[in-house]
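The values are calculated or read from the model by the stated rules, or taken from the named source; none is laboratory data. Predicted model only: the values in this text are computed from it and were never measured. When we count neighbours, we look across all protein chains shown, and the Cβ atoms used for this are built from the backbone with ideal geometry, even at glycine.
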Amino acid sequence: MSTQEQTAPAPEGNPLAPDLATGPVHSEPVAAPSENVGEEATAGATAAAAAGIAAATESAVAGDVSTDPAAAAEKKIVLHHLDDSRSQRVLWLLEELGVPYEIKYYKRLPSKTAPPELKKIHPLGKSPIITDGPITLAESGAIVEYLIAKYGKGRFVPTEEGWVDNLYYNHYSEGTIQPILVMGLIFTLIPQRSPFLIRPITLAICKNVLNVLVDPQVKANAAMIEAHLAKSPSGWFAGGPEPTSADFLMSFACETLIARGGNSAGEKTKAFVSMVHGRDAYKRGLEKGGSYAYA
């Protein structure tokens, strides 16, 4: 059976959907999976993602061969960057990729929330957001996968052995650990912002929530991360020789664990963050990004 026959088109509206997620779309018998299914899935997902992204932007750039510098400048990736935010890891990735980009800076309000100007870029007004030609994309995970698929040129792709770990930690970073860390921050800030007369009451309530609900979850997740990194021969989340999307996404969570996780971060987690911070691309991103509390 040919490769062409086995590949299904990505679902409409999802140019990043890999062929392995949709399966065959013809009526011929499907061959049994090969022993190298992990390797084939990695290669298939990467190739399909890159092809899907190219197809998604083709109509916007078809026939455009202008060499006008102003026109070229307009095609730069634009990162809408909020200080002290998860946007910093996208800056790191952009520096690793070496692609031209522009930063538009946004400062947090006194309430620590994002300014309303971000809603002009995306309806939810969250950061990070990138614009790349006709494409506007929010969500850290989507941005990281998009940039690696379109501009990675084969870099930052997990090995066959690390493919599942990379997949898991891509989703774990925003789906599990980040909500817990955000909850911890919220219940820490509530007493500080409460009126003076009721502050003792809110402090007692929030302390109880932290002790009963949040802190045990932080410790359990920190222990799992530490155990996973202890098994990695390279110290990266997918175990390969260079960072993958999982590392870019997990960097913020691990930085946050160290900064305000109540000594829950282990030595391997600290070593991972030190490895990230030691990379030249990270340092360049930090210089360009401005205020960042977790470096």
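Anything in segment 151-165 that is of a type outside the set (G, A, S), closer than 25 Å to T136 by Cα and out of contact with any Asp or Glu (no Cβ under 8 Å at 6 or more places or on another chain)? List them, or say none.
Within segment 151-165, Y151, K153, V157 qualify.
Assuming A238 fulfils every condition listed in (1) surrounded by fewer than 20 Cβ atoms within 10 Å (Cβ to Cβ); (2) under 21 Å from V164 (Cα atoms) apart from one, which condition is it?
Among (1) surrounded by fewer than 20 Cβ atoms within 10 Å (Cβ to Cβ); (2) under 21 Å from V164 (Cα atoms), the lone unmet condition for A238 is (1).
How many of the residues in segment 180-223 are within 28 Å of the chain's Cα centre (by Cα) and outside any helix (DSSP H, G or I)?
Total meeting the criteria: 0.
Between V157, V212, which is surrounded by 13 or more Cβ atoms within 10 Å (Cβ to Cβ) and modelled with pLDDT of 95 or more?
After ruling out the rest, the residue left standing is V157.
Among all residue pairs at least 6 apart or on different chains, which show Cβ distances below 8 Å where the first residue, located in segment 164-187, is closer than 16 Å to L257 by Cα and in the same structural domain as L213 (by TED's automatic domain parsing) and the second is acidic (D, E) and assigned to a helix (DSSP H, G or I)?
Qualifying pairs under 8 Å: G184/D215.
Going by the structure shown, is P191 over 15 Å from G261 (Cα atoms) and in contact with a Cys (Cβ under 9 Å, 6 or more places away or on another chain)?
So P191 passes the test.
Could you list, in sequence order, all residues of segment 160-179 that are crowded, with 20+ Cβ neighbours inside 10 Å, part of a helix (DSSP H, G or I) and not hydroxyl-bearing (S, T, Y)?
W163, D165, N166, N170, I177, listed by residue number.
Can you pull out every residue in segment 241-259 that is surrounded by fewer than 16 Cβ atoms within 10 Å (Cβ to Cβ) and not in a loop (DSSP other than H, G, I, E, B)?
Restricting attention to segment 241-259, the residues satisfying the condition of being surrounded by fewer than 16 Cβ atoms within 10 Å (Cβ to Cβ) are 241-242, 259.
Once the filter is applied, which keeps residues that are surrounded by fewer than 16 Cβ atoms within 10 Å (Cβ to Cβ) and not in a loop (DSSP other than H, G, I, E, B), segment 241-259 yields only A259.
In segment 147-195, what count of residues is obtained for those that are among the hydroxyl-bearing types (S, T, Y) and within 25 Å of Y294 (Cα to Cα)?
Of the residues in segment 147-195, 6 are among the hydroxyl-bearing types (S, T, Y) and within 25 Å of Y294 (Cα to Cα).
Looking at Y294 and the list (1) surrounded by 15 or more Cβ atoms within 10 Å (Cβ to Cβ); (2) modelled with pLDDT of 95 or more, which single condition is not satisfied?
(2)
Could you check how many residues of segment 260-278 are assigned to a loop (DSSP other than H, G, I, E, B) and within 21 Å of V182 (Cβ to Cβ)?
Restricting attention to segment 260-278, the residues satisfying the condition of being assigned to a loop (DSSP other than H, G, I, E, B) are 261-266, 278.
Narrowing the set further to residues that are within 21 Å of V182 (Cβ to Cβ) leaves 261-265.
The total comes to 5.
Do you know which residues across segment 126-144 are touching a residue at least 40 places away in the same chain (Cβ under 8 Å), surrounded by fewer than 21 Cβ atoms within 10 Å (Cβ to Cβ) and within 10 Å of the chain's Cα centre (by Cα)?
G141, A142
For the subset of segment 89-108 comprising residues that are touching a residue at least 60 places away in the same chain (Cβ under 8 Å) and of a type in the set (D, E, K, R), which member is surrounded by the fewest Cβ atoms within 10 Å (Cβ to Cβ)?
Filtering segment 89-108 for residues that are touching a residue at least 60 places away in the same chain (Cβ under 8 Å) and of a type in the set (D, E, K, R), the one surrounded by the fewest Cβ atoms within 10 Å (Cβ to Cβ) comes out as E95.
Which of the residues that make up segment 99-124 are under 26 Å from A149 (Cα atoms) and either in a loop (DSSP other than H, G, I, E, B) or not β-branched (V, I, T) (or both)?
Matches in segment 99-124: V99, P100, Y101, E102, K104, Y105, L118, I121, H122, P123, L124.
Would you confirm whether or not segment 224-235 contains a residue that is touching a helix residue (DSSP H, G or I) at 6+ places or on another chain (Cβ under 7 Å), polar (S, T, N, Q) and surrounded by 15 or more Cβ atoms within 10 Å (Cβ to Cβ)? Before the answer, list the steps.
Here is the first cut: in segment 224-235, the residues touching a helix residue (DSSP H, G or I) at 6+ places or on another chain (Cβ under 7 Å) are 225-226, 229-230, 235.
Going one step further and asking which of them are polar (S, T, N, Q), we end up with none.
No; the residues of segment 224-235 include none that is touching a helix residue (DSSP H, G or I) at 6+ places or on another chain (Cβ under 7 Å), polar (S, T, N, Q) and surrounded by 15 or more Cβ atoms within 10 Å (Cβ to Cβ).
Provide a single number: the residues in segment 255-282 that are over 25 Å from E160 (Cβ atoms) and within 18 Å of the chain's Cα centre (by Cα).
Result for segment 255-282: 8.
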